[in-house]
Amino acid sequence: MKLPDLRFGSAPLPEPSPGYDPAGDARALIFPGTPSPAGELVPGQQFFESLGPGERYVVRIPDHWNGGLAVCGTPATRSEHANDAILGDFLLARGYAFASGNKGIPYNARFEPLDEAAHPERAYSVPFPLGDAPPGSQLVRFGALDPEPIPVARWHEDLPAVVRAATEIVATATGRRPARTYALGLSMGGGQVRLLLERHPELVDGGLEWAAVYWTAQQNVLTYMPAFLRHMPAYVASDYRDRAAHDAIVAAGFPPDRLQENGTVRSLWDANYSKVPPFYLDLTTFLFATLLDPASDVSTLEARAAYRPSAQAGRSIEPFAQSGAIERPLISLAGEADVFITPQRNAAPYLEAVRTAGRADRYWQYIVAGGTHVDTFPALGWNLRPQLPFVWAAFDRLVNIVENGDRPAGAGTSRRVESPAEI
C-alpha cells in the first residue's frame, strides 16, 4: 500500500482486538512525549504480511530508500508493531526499509475477570490488587499459551524467517535487493538478534540489542527471578527496610533498589513486583516456567517463589541457547537499574560467552547509567534515564563499524556510559 506518511501515528495499523493492540504496544515502550526522530513526512509503501497462521510481520519502504534493510526482533510477547515508535520512525527517517514480526504469537495478553474466564488454569492469576479488584480475582491470558502454547524455540525461528521474507518484499518493490541488512531488538527481541548473529550470519551485516535476554540451560530468567519473588514479601512488609532481604536479592543478580519519597510508587523493585501492572517479575516467571517446564507447579505466587527449574527446562532451552559465537559486529546496551532483565544476569554472562567464543573483537557492550528496562519507567521517577537516545547513537555507530571499518575502543569489554556521545 502506497502511503503519504509511514510514521507512527500516521500510517494506518490493523484494528485492535482483545489482547492485540498495535498502537498500544508501541506506546508502551517509549518515554511519554518523546518526539519522533522523523521530523518530516516519510512517504512510502507499507505491507502487512504473514508467514503462517497468526505469524504476522510488517514491512515499510520509504520512497527515499537508502538501499538498506533493518529488521527488528520484538520484545516480550508483543505484536509486530511494538517497534514502530522506538525504532521504526528512526530507521525510516534514515532511509532504511523497516520490518518487524510477532514471533508467531497471535496476541499479546489480556485481562479477564476470574468469574468470566474459560479455562482459568491456562492463565496467570494476578496475586496483587489490580485497581479495585482484589488479589486473585483477575487473570492475564497470554497469546503464547492460549489457545495453544507457542514454543519459545519457535519464537527464535521467526526473526531469520522475517529477514528472508522482508528481503524478497524489498527486492520486488524496489527492483534490487538490500545492500546492507541490520538486526535490532529489545529484550526478547534482543535475544533474537544475538541468536541470529550466531546461527544465521549470512542474513545480516551487524546487530544492535537493548536489554537482551540471556538464554542457556544453566542461566536464564528462571534461574534468578524466583529468588526475587522469595525475598520481596519480607522486604515489602518491612517498608523496604529489611537489609537481609535486600542483600539477598542483590546477591541473586539484581541491581540495588531505588527508593523515593515523592512519587506514585516508592520502591523501584516493588514497581516491578506488586505495584505496577503487569507485575513483570512474577508474571514472567509464570509464563516461562509454564512454557519451558510444563510439569512444574507455578499456579500461585508462593509456588513461583519456591520454583527451581527442572532438567526439562534446560532441555527446552537448548535449541535457542546462546553461545556468544557471533559472526557479525554486535553492540549491546543494558540499563544499570534494570530490575527485570538485569545486566548482572543477562549482559555480563553474554559478554563472558563472547570472550570465551573468541569473538571479543566484534562486540561492544555499554551499560547506561540510570537506565532501566523500558523507557516508560523513567516517568515514574527514581532518577532513571530514557535509553532510546543511546540506542539511536549505537545504531549510527554500528553502521560506521560495518560500512566504514570503524573500530571503537573497548571491544570485548563493558563500559558504563552517561551520555549517548560516549558510544
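The values are calculated or read from the model by the stated rules, or taken from the named source; none is laboratory data. Please read these numbers as outputs of a predicted model, since none were measured by experiment. Every residue, glycine among them, receives a Cβ derived from its backbone with ideal geometry; neighbour counts consider all protein chains shown.
For ARG308, are the conditions met, namely being outside any loop (DSSP other than H, G, I, E, B), of a type in the set (D, E, K, R), over 28 Å from ALA28 (Cα atoms) and at pLDDT 95 or above? Outline the logic, then answer.
On the way: outside any loop (DSSP other than H, G, I, E, B): no; of a type in the set (D, E, K, R): yes; over 28 Å from ALA28 (Cα atoms): yes; at pLDDT 95 or above: yes.
Judged against the criteria, ARG308 is not a match.
When the range 316-375 is filtered for residues that are in a helix (DSSP H, G or I) and among the basic types (Lys, Arg), the ones remaining, listed by number, are ARG345, ARG355, ARG362.
For the condition among the polar types (S, T, N, Q), part of a helix (DSSP H, G or I) and not assigned by TED's automatic domain parsing to the domain that holds GLY73, THR284 qualifies.
Checked against (1) closer than 20 Å to GLU422 by Cβ; (2) in contact (Cβ under 8 Å) with a residue 60 or more places away in the chain, PHE377 meets all criteria but (1). Within the range 367-405, the only residue that satisfies the criterion of being at pLDDT below 95 and loosely packed, with under 15 Cβ neighbours inside 10 Å is ALA379.
Criterion applied to PHE111, PHE90 was being surrounded by fewer than 24 Cβ atoms within 10 Å (Cβ to Cβ), within 15 Å of ALA26 (Cβ to Cβ) and among the aromatic types (Phe, Trp, Tyr), and the one residue passing it is PHE90. Every condition in (1) buried (at least 24 other Cβ atoms within 10 Å of the Cβ); (2) acidic (Asp, Glu); (3) within 21 Å of LEU203 (Cα to Cα) is met by GLU55 except one, and the failing one is (1).
When the range 114-126 is examined, which residues are found to be surrounded by 21 or more Cβ atoms within 10 Å (Cβ to Cβ) and part of a strand (DSSP E or B)? The answer is TYR124, and nothing else.
Checking the structure you have, find out if any residue of the range 13-24 is at positive phi and either in contact (Cβ under 8 Å) with a residue 40 or more places away in the chain or surrounded by 16 or more Cβ atoms within 10 Å (Cβ to Cβ) (or both). Yes, the range 13-24 contains at least one residue that is at positive phi and either in contact (Cβ under 8 Å) with a residue 40 or more places away in the chain or surrounded by 16 or more Cβ atoms within 10 Å (Cβ to Cβ) (or both). Going through (1) surrounded by fewer than 17 Cβ atoms within 10 Å (Cβ to Cβ); (2) closer than 21 Å to GLN365 by Cα one by one, GLU202 falls short only on (2). Condition check for LEU196 on (1) over 30 Å from GLU403 (Cβ atoms); (2) modelled with pLDDT of 95 or more: one failure, at (1). Among the residues that make up the range 205-223, is at least one of them free of Cβ contacts under 8 Å to residues at least 40 places away in the same chain and assigned to a helix (DSSP H, G or I)? No, because not a single residue in the range 205-223 is free of Cβ contacts under 8 Å to residues at least 40 places away in the same chain and assigned to a helix (DSSP H, G or I). Filter the range 243-296 down to the residues that are charged (D, E, K, R) and surrounded by fewer than 17 Cβ atoms within 10 Å (Cβ to Cβ), then identify the one that is nearest to GLN138 (Cα to Cα). Going through the qualifying residues, I end up with GLU261. Residue by residue through the range 56-112, note down the ones that are in a loop (DSSP other than H, G, I, E, B) and aromatic (Phe, Trp, Tyr). Answer for the range 56-112, where residues must be in a loop (DSSP other than H, G, I, E, B) and aromatic (Phe, Trp, Tyr): TRP65, TYR96, TYR107. Within the range 130-147, being in contact (Cβ under 8 Å) with a residue 60 or more places away in the chain and either farther than 16 Å from SER299 by Cα or acidic (Asp, Glu) (or both) holds for LEU130, GLY143, ALA144. Looking only at residues in the range 137-182 that are among the acidic types (Asp, Glu) and within 18 Å of the chain's Cα centre (by Cα), the one that is surrounded by the fewest Cβ atoms within 10 Å (Cβ to Cβ) is GLU157.
Tell me which residues, restricted to the range 99-123, are within 20 Å of the chain's Cα centre (by Cα) and free of Cβ contacts under 8 Å to residues at least 60 places away in the same chain. Within the range 99-123, ASN102, GLY104, ILE105 meet the criteria. Put simply, of ASP89, ASP21, ASP84, ASP63 the only residue that is farther than 27 Å from ASP396 by Cβ, among the charged types (D, E, K, R) and at pLDDT 95 or above is ASP21.
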